[in-house]
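The values are calculated or read from the model by the stated rules, or taken from the named source; none is laboratory data. The structure presented is a predicted model; accordingly, all values stated were derived computationally and were not measured. In this analysis, Cβ positions are derived from the backbone assuming ideal geometry, glycine residues included, and neighbour counts consider all displayed protein chains.
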Amino acid sequence: MPGTPGGQPAAGMEDVLGNVIRSISSIADVSTRADKAKVSWPKFGGKYVDWYTFKREWAVFVLEHGRHLRDEELVRCMKEHCVRGQALKMIQHAKTMPRVWQVLDNAYDRPELYVLEVLEPLRDIRPIKEHDHIKLAAFYSEVDAAISLAADVNMSDHVNGVHVIAELLLKLPEEEKRLWTTRRTNVAVGREAVLWPGFVRERLDTANLQASRVMAEEARRGSRTEAGAKEEKRKSSPASGRGRSKSPGKARSPRRSNVNAARADRKDTPRRRKNGKCFIEGCRCE
């Protein structure tokens, strides 16, 4: 190692070593503060639907925890803690943050693929029948969630586009289509994106109300059916009043039966007396 005659590192080498130590300390400090504050690192695993959210979360994270990190330190943090899968392989040899963003943006800044992924749960839904309020409420809930997610990352124009709206309308009952047609009357072509989010939220509230009524009525019918089944079971039970079989009386003991028979015989037999005594043998009458 080059140094001074006294064995001390040269001034330039001191600066290099100092920078390395400061870099390591800075990264460790960021990790420690993030752990103490229970702030998780922003994550990106390669889905288009997550890309714009990841960029926003990374900017917030750097503002709060990485303002004092140098460019190469931020690159190291992103590789070690944030990016995973195929996306990590893409930036494996990138040395600066501008290069990292260039590589990832070229691959994942794809609005059309973002729309495909964010609406994927809706594509498997079959066309909804009239008055199926429960399924209609679930459909509008998914659409509203997609609209809200897109608004958070400035992708509303893509999710609320004319072609997307037309595709979603194919899933709706005729009455819902008619309501949308009425709503967009006299609206300039291409301005549907402004009306669509409000229409979806309004119809979601209505569908939720109607679905709650349907579920309440089903619960009442189920309760009445259960009560009727219990009553029928009670009536047909041997322990109930109707249909109860009479239990046989207690059997009389032979001794009691003989005594009663003897008493009956004594009552029916004429009693003749001689000298004040009964002629019947064994009788104790006076």
Can you pull out the helices (runs of 4 or more DSSP H) entirely within the range 1-111 that have at least 2 residues that are at pLDDT below 50 and more than 30 Å from Ala145 (Cα to Cα)? 11-36
Mind checking whether some residue in the range 212-219 is surrounded by fewer than 16 Cβ atoms within 10 Å (Cβ to Cβ), within 17 Å of Ile128 (Cα to Cα) and not polar (S, T, N, Q)? yes
Condition check: among the basic types (Lys, Arg) and in a helix (DSSP H, G or I). Does Lys135 satisfy that? yes
Confirm whether Val143 is farther than 14 Å from Tyr52 by Cα and part of a helix (DSSP H, G or I). yes
Filtering the range 143-183 down to residues that are without any contact (Cβ under 8 Å) to a residue 24 or more places away in the chain and buried (at least 17 other Cβ atoms within 10 Å of the Cβ) yields Trp180
If you go through the range 173-196 one residue at a time, how many are farther than 24 Å from Lys135 by Cβ and assigned to a loop (DSSP other than H, G, I, E, B)? 7
Which of the numbered conditions does Tyr108 fail, given that it passes all the others? Conditions: (1) farther than 14 Å from Phe54 by Cβ; (2) touching a residue at least 60 places away in the same chain (Cβ under 8 Å). (1)
